[in-house]
Amino acid sequence: MQLKKSEEILAEVHRNCALALQSIGNILPEAEDAAVKEELLAQHEQYEKLSGKAAMLAQDKRITLKDPSPIKKAMMWGSIKMNTLADNSRAHIAEMMVQGTVMGITALKSTLAEACKDCADEEILSLARELLTAEECFERKWKKLIA
């Protein structure tokens with residue numbers, strides 16, 4: 001039971017980071033505002049660090065992580081390109097990032113709520129909580145850029 005729950009949590013952390021990195025990579029070329037670019041690059045770096053920690057934990061615990069499907073990535077790319085084609089303003093990009101971050105926060109909270117304290121590896125739970133804290137901070141930063 002513990003291994004299964006730990007795998008699910010680590011898979012969610014990995015998926016969350018992979019989708020965030022993909023989204024940021026897709027939005028970055030469209031961003032013209034310096035503050036937006038700076039925030040995107042800072043968040044990209046943080047997601048890379050967390051993704052690296054997830055990969056190391058997966059290797060240590062012999063857990064196989066799967067990347068999001070190419071179809072999911074293509075759909076995200078298309079959605080981002082269409083959204084930024086119409087409006088690549090600071091406020092619009094910040095709104096897009098808030099929406100993505102909220103989806104990540106919701107998925108993480110749901111995954112963590114399903115895990116009982118004694119049913120998952122503490123290192124994996126700690127990483128999930130670290131990602132959740134980072135995403136909540138990102139959400140606050142993006143909300144400030146909307147105004």
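No value in this document is a laboratory result; all are computed from the given coordinates. Keep in mind it's a predicted model, so treat the numbers as computed, not measured. Because the Cβ atoms are built from the backbone with ideal geometry, glycine has one as well, and the counts that use them run over all protein chains shown.
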| said: Run the simple label-point estimate for Lys143 and Lys49 please: 7 Å along Cα→C-beta, distance reported in nm. | reply: 2.3 nm
| query | Taking the Cα atoms only, what angle lies between the long axis of helix 34-60 and the longest principal axis of the chain, rounded to 10 degrees? | reply | 20 degrees
| remark: Expressed as a whole-number percentage, the relative contact order of the chain with C-alpha contacts under 8 angstrom and at least six residues apart is 41 percent
| query | With the chain treated as a Gaussian network of Cα nodes joined by springs under 10 Å, which of Ile63, Ile24, Ile71 yields the largest mean-square fluctuation? | reply | Ile71
| query | Bin by bin, in steps of 10 Å, what percent of the Cα pairs in segment 2-146 do you find, going until the bin that has the longest distance? | reply | 12, 42, 31, 13, 2
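Give me the extension gain from Gln59 to Met103: residue separation times 0.36 nm, minus the current Cα-Cα distance, reported in nm with one decimal. Display every interim value, and only then the final one.
Details: separation 44, 0.36 × 44 = 15.84 nm, distance 2.67 nm.
Full-extension gain reported as 13.2 nm.
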| What spacing in nm lies between the two simple spin-label points modelled at Leu85 and Lys66, each 7 Å away from Cα in the Cβ direction? | 3.1 nm
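Find, among the trypsin sites (Lys or Arg not before Pro) in segment 26-107, those assigned to loop by DSSP (not H, G, I, E, B) with at most 13 other beta-carbon atoms within 10 angstrom. Spell out each step's value before the answer.
Values: sites: Lys37, Lys49, Lys53, Lys61, Arg62, Lys66, Lys72, Lys73, Lys81, Arg90; in loops: Lys61, Arg62, Lys66.
Counting only loop positions with at most 13 other Cβ atoms within 10 Å, the trypsin sites (Lys or Arg not before Pro) in segment 26-107 are Arg62, Lys66.
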| field | Over the chain: helical MRE at 222 nm, DSSP H runs n ≥ 4 each giving -39500 (n - 2.57), nearest 500 | value | -29000 deg cm²/dmol
